[in-house]
Amino acid sequence: MFLINCPYCGERDQQEFKAGGEAHIERPKQPTELSDDEWAEYLFMRKNIKGVQFERWNHAHGCRKWFNMVRDTSNDEIKAIYKMGEKPPTQ
Amino acid sequence: MTKNLRVKSSEYIDETNRISFKFNGKTYHGFKGDTLASALLANDVHLVGRSFKYHRPRGIMTSGSEEPNAIVQINPGTNRTEPNVRATEVEIYDGLEASSQNCWPSVEFDIGGINNFLSPFFPAGFYYKTFMWPASFWKKYEFFIRHSAGLGKSPTSSDPDIYDHRNIHCDVLVVGAGIAGILAAKNAAKNNFKTFLVDEKNQLGGSTIFENNEFNKIDNKTPSEWLKKEIEELKNIKNLEIKTRTSVAAYHQYNYLLARENLTDHLEAKDKTNKIRQRLLKIRAKKVILATGALERPLIFNNNDRPGIMLSSAIKKYSEFYGVACGSKNVFFTNNDSAYESALSLYNKGINVEAIIDIRDQSESKIVKKIKEAGIKIYWSHSIVDTAGYKRLNSVSIMKLSNDFTSVTGSKISISCDCLGVAGGWTPAVHLYTQSGSKLKFDEEKEVFLPNQNTSTQISVGSCDGDFKIDEIIKNLNQKLKDNLNIKETDLDNIKVEIDQENSKRNIWLLPSDKPLGKTKPFVDYQNDATAKDIKLALREGFRSIEHVKRYTTTGMGTDQGKLGNMHALGIIADTAGVKMGELGTTTFRPPYTPLTFGTIVGRNVGKFFDIFRRTPMNDWHVQNKAEFENVGQWKRAWYYPNNGETMHQAVQRESKAARESAGILDASTLGKIDIQGSDASEFLNRVYTNAWSKLAIGKCRYGLMLNEDGMVYDDGVTTRLGENHYIMTTTTGGAANVLGKLEDYLQTEWPELDVYLTSVTDHYATASLCGPNSKKIIKKIIPDLDLSDENFPHMSFKEANIGHIQCRIMRISFTGEHSYEINVQASYGKDLWEKCMEAGKEFNITPYGTETMHLLRAEKGFIIVGQDTDGTMTPIDLQMDWIVSKKKYDFIGKRSLYRSDTMREDRKQLVGLLTDDPNIVLEEGAQIVSELNQNPVEMLGHVTSSYFSPNLNKSIALAVVRGGKDMIGKKLFIPMKNKNINVTVANPVFYDEKNERLNA
Ligand SMILES: [Zn+2]
C-alpha cells in the first residue's frame, strides 16, 4: 500500500487514489488524418515497463486532480510526482 | 491416571487457578498461563495429530507460532469453532475444547495411517502424476482426495463475534518484544519518538525472559532478572504504546503493516460476549524496527517426526517458563551449544537427561564443561540413524559419523528415551523483512540468510539480523539506534555483559543413516509430509528453481509456510546440485505470517455495513406501498409494486398496460446528473457526445451517446441546455460516477484550455417521471399556470415552474415512447412531489411502476439499455443508431475508431429484434442464437440481450445481438434450449408505435 504525495493535498494512503496507466500519451490533435496503424499505436500500445515508468494517477477520493508519477515498477519506489502539464523530471 | 509432569512452579503459571479443558473429548487440567500445548505436555500427552499425507502420528514440536504439527480445531461443533489453530498459541481457559485434525475416526486409531505403509507409492508430485489421466476420472479422484485430505472444518453458522479495525500512525513501530525489541522501543520513546511495540505472545521478553543460565550475566544479573527490570521501567515511559497478543501478519510497501490484536480468545465463553474479539491494526510507521528474533531449526534424520521429538529450545521454554518437563528420560541431539542450555535447565530441576548426541567433534564452552561435570554422557561426532516408537518415541539409535560426514560407521548404540530435543541451529525470522520488498543476503560464515541492508525507514535488530549472542545484540542495537534515530546517547552505552555462548556449529543439512536414503523417512516439511527423498527426486526429474521444487514437493506450502524446514530444503538442494546456498536464493515468504480469520479482515464491514445502500428521497413511499426492490449498483430501486398477492409477472403486466393506457409514474432519482457550466460547455459536449450540440437552443433537450476512445458505446442520456453556458447532463444510474471521472480526466489532461466546470448533482435532485396519455392532465392539475401546449412545451424541451412553493425543472422527454414529463425538485421535496402527483393522478388511476416495467416499456420501443443490450463491444453502428453519429463534426471521443477496419466489418454482431414463432414463449436473456441445428460444432451467431412478454402487443418480444443481423430481417433462426429448440424470426427492434405518434398523444 503506497503512501502517495498528492501535489495538491500532501501524503495520503493509496486507497484514496486511482491508477490511470502510462503517462505522456497525448491524444492526437487530428485523429482523422491518421492511418489505422497510427491510431492503433495511440489507442492500444502501452510499454508496461519493468523498471522506471511514467504513470498517471488520480486523487479520486480526495481533490480529484490528475497528476503524474515516476515509479520503479520493479520495487514500487516512487521517484517523483509532478502536476499535469509540468515537464517530467530528467534523471 | 495420567502422569503429572509439572516440575517446578513458575511465576508465569498461576497454580492457584486450576483450569479444566477437553482435548479429543477427554478432560484434562492445567493452570492459568498455560497454553494448550504446555497443559497437554504437563499431562504427558504428546500425540496430538496425524500428518497430512501419510497420517503418521505427530506430537508437539515447538512452543510458538512456527508449530507445524500441533494444529487443532478449537471448540468443534460450535459457532465459534476455528480450524488450523496452533496448540502452542492457544491460552487455555475453563470450558475450552479442542480436537485433532486430519484423522478419522480418532487420533489414536487413524484409518489413513495405511498411507504410511503405502508411502513408496506417494512420491513427490504423486498427485500431479497419478490423477491427470484419463481426464474423465478426475471427478472420482477428486471425491477420494477431498474426503481423505482436510485440515479442519470451517464453522457452519454465522460468527457471533465482533471484529474491529484501527488505524495507527506512529514514528517508530517495533515488531517483537524480545530483549532487542524492548530496548529499541524504550530508547526510541525516551527520545520523543511516538513508539508502538507489538508482540505475538501474552508476555513481553521473548526467550530472554526465561534465560536463567548462570553463565550469562547482564550488569551482574541473570538475563531474565535484568530484562524484568527493564520491562517494569517501560510502564513509566511516555510516547510508548504496547500491544501483546498482537501478531504482525503483513508488511507492505511504505511501512504499511497489518497486525492482528487478539482480545478475547484467551477468555472463557461468558467473558467473550459483546466484546471485540480481534482487531486489525493498520499501521503506517515512519520507521520500522524489526526485532522478530530467530527460529530454532530441527535436524533432518531418519524418522525425525515421532511424538516426543521436539525442538531443544521448546523443551527449555516448557521447563523454564511453564514449569513442565516434556519427558522423564530426555536425550538431546545437536550441532551447537543450544542443546546444552536446555539440558542444563532440565538438570537443574532434577529432570533426567540421558545423553547428548553432538555431531561436532568438541566444544570448550563453560556450559559444555558443566554438563560433563554433571555426568551427562556426550556422544561427540555421532548422529541419530533411526528412532523407534509409533505413538511416542521410545528409543534412538546412534552411530559414529564418518570423517566426511556422508556416512556412519562402527556399531549402533540404542538409547532408551521418551523425549528428544533437537537443536539444528538458528534461522533469523526474516519473513516480514522480505515481505516489505527488501532483499536478503547469504552469510557464508553464519550459514543463514540475513537482511541485506538497513535503510533510513527500516532496520533489523537482534537475532533476526544474525546477532545471536546477548553482547552482540546489545552492542549492534546501540549503534543502529544511534544511526537510525539520530540520537547521541542511549541506555545501552554502559551495560556490562558477560557471556558464555560459543558460536561453534556444524551444519549437515541431511544426516546420513546406515540405511540407504530410499529406505528412510527424513522429514523436511512436517506439515506437508515432504522428505529429503522427495526433494532429491524432484532434482533428479529436472527441477532446478527453488520455487518449482517447493511446489512440486509441497515443501513449505502448509499453513506454517515451512518455517522450520525451508533452510534444510535449500541446503539439500545446494548439496545435491553442487551449488552454493547463496546462489539458490530463497523462496518468497508471503503474508500472512500466521493465518488471519476472515472476521478480522472484514472488521465491521459485515451485514448491513458490507456495502453502502443509496436510497432515493421517495424511498419511504415505496416501502409503505409494498414495493419489491432491486439493487442497481449501490441504489435500492423500486422494482415492481405487487397488488394483493400478484406475482412479479402479473404486477409488471398491469403496470405496463396502465402506463400506456392512462398514466404511470416512475422514481427516476437515481439517474446520474452532472451540472456543466462554462463558456466552452457547448464545445465540450460536442467533443464527448457523438452528435452535435452547438445549435441546441436554450430550453431544449437532446439525447446523447457517449463512446470510449475505442468507438464502443460507454453511456447515454438526455442533456438539457439551461442557459447560454449551462447544461444539465443525465447519465445511466450505474455509469454516473465513471462518466464524471472520464469527463474530468479529459478536461484536466487533454483539454485544459476549455473553460468548463463539472459538478455531480445526482443526490441534489429527486426525479419523478410521469408518462401516459393522461400525464398532461395530471401536470395541469398540479401546475395550473403552466402552458402545456405542444407549441409552448413541445417534446424534447424544458420549463422551470413552481408546484406551490417548490421550484421544479420539468423536461418533456420520454423513455417509454409515451407523452411524458420528468419533474426534478430539490431532493428534500422528492416525497412531497411524488405524493402530489399520486393525489392529482388518482382520477386517472395513476399507476406507480418500477424498473422492470420501465425496462419492458423501453424494449417495446427498441430503446437500448447501456450495459444490458451493449457490453463494451458495440459501436453505435452495431446498434443501428447511425442517425446519432455526426458526419460533420471533425472529432469526438471515439470517432476515429468507427473507421477502423475491424469496426467497419459487415459481420459484426448487430442489434436486432427477435419474435418467437409461438408468441407465448418468452426467450431467456443470454440464450444463444444459431442458424443451423445440425452443425457440429454449432456456430453461435449471437445472444438474446432483453426479453419480455409485452402486454401492449400481446406477444413476446426480444432484443438480441446477431452477427450480420442488420441484413437478416425476416430470416428464421433458432434458439437451442435444454429440452427444445425455439424458432424465431429476426425483426426490426422497434416493436411498438414505430412512427412515434404517441409522444404527442
Ligand atoms: Zn489531492
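Interface size, chains B and A: roughly 2400 Å² of accessible area buried, both sides included, 1.4 Å probe, rounded to the nearest 100.
The HN-Hα couplings worked out from phi for the range B:557-572 by the Karplus form 6.51 cos²θ - 1.76 cosθ + 1.60 (θ = phi - 60°) are 9, x, 5, 8, 6, x, 4, 7, x, 4, 5, 5, 4, 5, x, 5 Hz, whole numbers, x standing for Gly and Pro. Placing a pseudo-label 7 Å from each Cα along the Cα-to-Cβ vector at residue B:156 and residue B:900 gives an inter-label distance of 5.3 nm. The simple spin-label model puts a point 7 Å past each Cα toward its Cβ; for residue B:366 and residue B:219 those points are separated by 2.0 nm. By the rule of a C-alpha distance below 18 Å, with chain neighbours fewer than 8 residues away ignored, the lysines paired with residue B:329 are B:3, B:8, B:316, B:317, B:349, B:372, B:377, B:391.
Counting only residues at least eight positions apart within a chain, or on another chain, the lysines with an alpha carbon under 26 Å from that of residue B:776 are B:657, B:673, B:700, B:799, B:831, B:836, B:842, B:861, B:995.
Here's the picture: a label point sits 7 Å out from the Cα of residue B:79 along the beta-carbon direction, and within the range B:256-282 the residues with their amide nitrogen under 14 Å of it are B:273-275.
Farthest towards the positive end of the charge dipole of the range B:862-967, among the residues B:912, B:877, B:956, is the Cα of B:877, using unit charges on the Cβ of Lys, Arg, Asp and Glu.
The Rg/Rh ratio of the range B:905-1000, with both radii computed over alpha carbons and Rh defined as the Kirkwood radius, is 0.99. Annotation for the range B:929-979: trypsin sites (Lys or Arg not before Pro) lying in DSSP loop with at most 11 further Cβ atoms inside 10 Å of their Cβ are B:978.
Normalising the average separation of contacting C-alpha pairs (under 8 angstrom, six or more residues apart) by the number of residues puts the relative contact order of chain B at 9 percent. Close amide H partners of residue B:377, meaning residues 5 or more places away or on another chain with modelled amide H under 5 Å apart, are B:356. The distance linking the range B:206-272 with the range B:868-906 is 65 Å (Cα centroid to Cα centroid, whole angstrom).
Largest mean-square fluctuation among A:15, A:53, A:30, in a Gaussian network model of chain A whose springs join Cα atoms under 10 Å apart, belongs to A:30. Inter-part distance, the range B:1-52 to the range B:672-715, computed on C-alpha centroids, equals 75 Å. The calculated P(r) of chain A, using every Cα pair and 5 Å bins from 0, goes 3, 13, 22, 21, 17, 12, 7, 4, 1 in percent.
Please list B:488, B:26, B:370 from largest to smallest accessible area, probe radius 1.4 Å, with all protein chains kept in place.
Of B:488, B:26, B:370, the descending order of accessible area is B:488, B:26, B:370.
The accessible area of residue A:63, taken with all protein chains in place and a 1.4 Å probe, comes to roughly 50 Å². Taking every DSSP helix (H) stretch of at least 4 residues in chain A, weighting each as -39,500 (n - 2.57) and dividing the sum by the residue count yields a mean residue ellipticity at 222 nm of -2500 deg cm²/dmol. Take every Cα pair under 8 Å whose residues are at least 6 apart in sequence, average their separation, divide by the length of the range B:672-857, and the relative contact order is 21 percent.
For the range B:550-634, the carbon plus sulfur part of the accessible surface works out to 55%, probe radius 1.4 Å. Residue separation of residue B:890 and residue B:843 scaled by 0.36 nm, minus their Cα-Cα distance, works out to 11.7 nm of gained length. Note on residue B:236 and residue B:479: the model spin-label points, each 7 Å out from Cα along the C-beta direction, lie 3.2 nm apart. Among the GluC sites (Glu not before Pro) found in the range A:8-76, those both in a DSSP coil and sparsely packed, with 11 or fewer other Cβ atoms within 10 Å of their Cβ, are A:26.
Quick check on the protein assembly as shown: of the DSSP beta bridges with both residues there, what percent are antiparallel, nearest 5%? Here the antiparallel bridges make up roughly 75 percent for the protein assembly as shown.
Ranking B:287, B:372 from most to least accessible surface, computed with a 1.4 Å probe over the protein chains only, gives B:372, B:287. Heavy-atom accessible area for residue B:286, with the other protein chains in place and a 1.4 Å probe, reaches approximately 140 Å². Taking all protein chains together, B:568, B:266 sort by accessible area into B:266, B:568, largest first [probe 1.4 Å]. Starting from the amide H of residue B:423, placed 1.01 Å from N in the peptide plane, find each other amide H under 5 Å away whose residue is 5 or more places distant or on another chain. Amide H neighbours of residue B:423: B:312, B:333, B:334, B:335.
Take the Cβ atoms of residue B:835 and residue B:983, set R0 to 41 Å, and the FRET efficiency comes out at 0.25.
If R0 is 56 Å, the Cβ-Cβ spacing of residue B:750 and residue B:802 corresponds to a FRET efficiency of close to 0.85.
Excluding same-chain neighbours fewer than eight residues apart, the lysines reachable from residue A:50 by a Cα-Cα span under 28 Å are A:18, A:65, A:79, A:83, A:87, B:286, B:287, B:439, B:441, B:550, B:742.
By the beta carbon rule, with partners counted only under 4.7 Å, chain A holds these lone Cys residues: A:63. Counting only protein heavy atoms and using a 1.4 Å probe, the accessible area of residue B:60 comes to about 0 Å². In order along the range B:671-683, the Karplus-derived 3J(HN,Hα) couplings, from 6.51 cos²θ - 1.76 cosθ + 1.60 at θ = phi - 60°, round to 4, x, 10, 10, 7, 10, 9, x, 5, 9, 4, 5, 4 Hz, and Gly and Pro are given as x.
Okay, helix-only estimate at 222 nm for chain B: each DSSP H run of n ≥ 4 adds -39500 (n - 2.57), divide by all residues, round to 500 deg cm²/dmol; what do you get?
Here the helix-only value at 222 nm equals -6000 deg cm²/dmol.
Once you charge only the Cβ atoms, +1 for Lys and Arg and -1 for Asp and Glu, what is the size of the charge dipole of the range B:905-1000 about its Cα centre, to the nearest 20 debye? Display every interim value, and only then the final one.
Numbers: 12 positive and 12 negative charges, 19 e Å.
I would put it at about 80 debye.
Using a Förster radius of 51 Å, what is the FRET efficiency between residue B:94 and residue A:82 based on their Cβ-Cβ separation? Nearest 0.05, please. For residue B:94 and residue A:82, the calculated efficiency is 0.25. Applied to the range B:613-619, the Karplus parametrisation 6.51 cos²θ - 1.76 cosθ + 1.60 on θ = phi - 60° returns per-residue 3J(HN,Hα) values of 9, 10, 10, 7, x, 8, 3 Hz, with x for Gly and Pro.
Annotation note: GluC sites (Glu not before Pro) in the range B:1-84 located in DSSP loop regions with a Cβ neighbour count of at most 13 within 10 Å are B:11.
The values are calculated or read from the model by the stated rules, or taken from the named source; none is laboratory data. Bear in mind that the values here come from a model prediction, so they are computed numbers and not experimental data. Note: ideal-geometry Cβ built from the backbone for every residue, glycine included; neighbour counts use all protein chains shown. The protein model used for the area step is the full one, side chains on, heavy atoms only, and it has no ligands, DNA or RNA in it. Shrake-Rupley method; radii C 1.70, N 1.55, O 1.52, S 1.80 Å.
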